[in-house]
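*Asks:* I'd like to ask you about the structure that follows.
The values are calculated or read from the model by the stated rules, or taken from the named source; none is laboratory data. What you see is a predicted model; the values in this text were computed from it and never measured. Please note: Cβ atoms are built from the backbone with ideal geometry, for glycine as well, and neighbour counts cover all protein chains shown. When the accessible area is computed, the model is the full protein with side chains, heavy atoms only, and any ligands, DNA or RNA have been set aside. Shrake-Rupley method; radii C 1.70, N 1.55, O 1.52, S 1.80 Å.
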Amino acid sequence: MPLCFEVLTLFPEAFAGFLDSSIVARAQKNRLIDVRLSNFRNWTANKHKNVDDYPYGGFAGMVIQAQPVYEALGQILDDGNAPVIYFTPQGRPLNQRILESYSTYDRIVLLCGHYKELDQRARDLCVSDEISLGDYVLSGGELAAMVFIDGVSRLQPGALGDIDSARSDSFSQTGLGFPCYTRPEVFMELSVPDILRQGNHQEIAKWANEQAKCFTQSRRPDLTSKH
Ligand code: ADE
């Protein structure tokens, strides 16, 4: 059974190009994943189909009402229980470990906010995890949901041509990864390191390991203790 991502968003059209491209498109075609998009505006109780309202307390911006989100999720979860992830800068920062932890589920609900925030009661009642892409504010959770779908989809067995390319991906095992080269051997007077052309796989693995350590130490010293 494919891993099903149930996406709740006010902008389902934002996913079009993404779902039609590259590994995510192929994973859908090969029935490794399925992505269902629902617009929670369809669950509003008011005749103007408004989903947002002014915040209590007189703050700036708008807040998405709890009712359409609560009812949309209720209907989606009627088909079977699943984790509900809400994307917000207030969530825990996304990393490879989190993607790996979700890669074994068969259904995941992704809730994308927009405008200022989602009514806290919808978060309290419905959401099982909150995830942030980083310490910056985007206009909505759609980009974060796409990042999440991409990162989890490529971990599905068979999604990549060569599973080794996922295993040796940056972060999985080797910190930031190592520098890569392809033909030609010399480009703008810069040569491919000799060791990569000599075919000694043990030496090459050692080189790659050392390079990965250097990359990680110089660029992301915060990661060195984790690898
Ligand atoms: N929605 C708005 N900003 C976000 C962020 N940084 N991460 C995840 N979702 C968001």
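*Asks:* Pull out all pairs, ordered by first then second residue, where Cβ-Cβ is under 6 Å, the residues are six or more apart or on different chains, the first lies in region 123-140 and is more than 9 Å from GLY91 (Cα to Cα) and part of a loop (DSSP other than H, G, I, E, B), and the second is within 9 Å of the ligand (Cβ to nearest atom) and open to solvent by less than 20 Å² (accessible area, probe 1.4 Å).
*Replies:* VAL127/TYR86
*Asks:* Could you grab the pairs with beta carbons closer than 6 Å, sequence gap of 6+ or different chains, first residue in region 32-54 and touching a residue at least 24 places away in the same chain (Cβ under 8 Å), second one assigned to a loop (DSSP other than H, G, I, E, B) and among the charged types (D, E, K, R)?
*Replies:* That search, which allows pairs on different chains as well, returns ARG41/LYS49.
*Asks:* Also, I was wondering about something else. In region 52-107, how many are out of contact with any Leu (no Cβ under 8 Å at 6 or more places or on another chain) and open to solvent by less than 30 Å² (accessible area, probe 1.4 Å)?
*Replies:* So the answer is 8.
*Asks:* Looking at (1) free of Cβ contacts under 8 Å to residues at least 24 places away in the same chain; (2) within 13 Å of the ligand (Cβ to nearest atom); (3) not polar (S, T, N, Q), find the lone condition where PHE87 falls short.
*Replies:* Checking PHE87 against (1) free of Cβ contacts under 8 Å to residues at least 24 places away in the same chain; (2) within 13 Å of the ligand (Cβ to nearest atom); (3) not polar (S, T, N, Q), the one that fails is (1).
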